[in-house]
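Chemist: Take this structure first; my questions come after.
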Amino acid sequence: MKAEYDFSKASKNPYARRLKRQITIRLDPATVDYFKGLAEETGLPYQNLINLFLRDCAHQKRKPIVHWRPRAKRVP
């Protein structure tokens, strides 16, 4: 392996943008802390762990179990 490499003539990967899409997602602090803890254990970035978890859920076609409380009726 060389001590230094010359990347002055390198070009960006034209397919890199297709690999992942940047989005904004709001997560509660406990969820972020959980994945950051896993990140320390595994040595993987916590964003990658979240992505892997969500990808697995999509692959397994898992659906969340959500229990909504009925809204209180408005009194006029």
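Chemist: Pop out the ³J(HN,Hα) list for the stretch 44-57 in order, Karplus 6.51 cos²θ - 1.76 cosθ + 1.60 with θ = phi - 60°, rounded to Hz; leave Gly and Pro as x.
Modeler: 9, x, 5, 5, 5, 5, 4, 4, 4, 5, 5, 5, 4, 4
Chemist: Shifting gears a bit: For the pair N48 and D6, what calculated FRET efficiency results from E = 1/(1 + (r/R0)^6), where r is the Cβ-Cβ distance and R0 = 35 Å, to the nearest 0.05? Write out the running numbers ahead of the final one.
Modeler: Details: r = 30 Å, r/R0 = 0.85.
Efficiency, rounded to the nearest 0.05: 0.70.
Chemist: Given the options Q47, A72, L19, identify the residue whose Cα lies farthest towards the positive end of the charge dipole of the chain (+1 on Cβ of Lys, Arg; -1 on Cβ of Asp, Glu).
Modeler: Among Q47, A72, L19, the one farthest towards the positive end of the dipole of the chain is A72.
Chemist: Using a Gaussian network model of the chain whose springs link C-alpha atoms within less than 10 Å, name the residue from R17, R26, R55 with the highest mean-square fluctuation.
Modeler: R17
Chemist: Using only Cα atoms, tell me the angle between helix 29-42 and the longest principal axis of the chain; keep it within 0 to 90° and round to the nearest 10.
Modeler: Computed tilt is about 40 degrees.
Chemist: Additional query: Magnitude of the Cβ-charge dipole of the chain, K/R +1 and D/E -1, about the Cα centre, nearest 20 debye?
Modeler: The dipole of the chain has a size of about 860 debye.
Chemist: Sticking with this structure for a sec: So I have (i) 5.8; (ii) 11.4; (iii) 6.5, and one of them is mean projected area of the Cα convex hull in nm² calculated from this model. Which one is it?
Modeler: Recomputing mean projected area of the Cα convex hull in nm² here picks out (ii).
Chemist: With n ≥ 4 as the cut-off for DSSP H runs, can you work out [θ] at 222 nm for the chain, using -39500 (n - 2.57) per run divided by the number of residues, rounded to the nearest 500?
Modeler: Using -39500 (n - 2.57) per qualifying helix, the result is -12500 deg cm²/dmol.
Chemist: Still on this structure, I have one more. For R21 and R55 in one chain, what is 0.36 nm times their gap in residues minus the Cα-Cα distance, to one decimal in nm?
Modeler: Residue separation times 0.36 nm, minus the Cα-Cα distance, leaves 10.9 nm.
Chemist: Quick one: Karplus J couplings for the stretch 19-27, per residue in order, coefficients 6.51, -1.76, 1.60, θ = phi - 60°, nearest Hz, x for Gly and Pro?
Modeler: Result, ordered by residue: 6, 9, 10, 7, 9, 10, 9, 9, 10 Hz.
Here, each number is a calculation from the coordinates, and none is a lab measurement. The structure presented is a predicted model; accordingly, all values stated were derived computationally and were not measured. Note: ideal-geometry Cβ built from the backbone for every residue, glycine included; neighbour counts use all protein chains shown.
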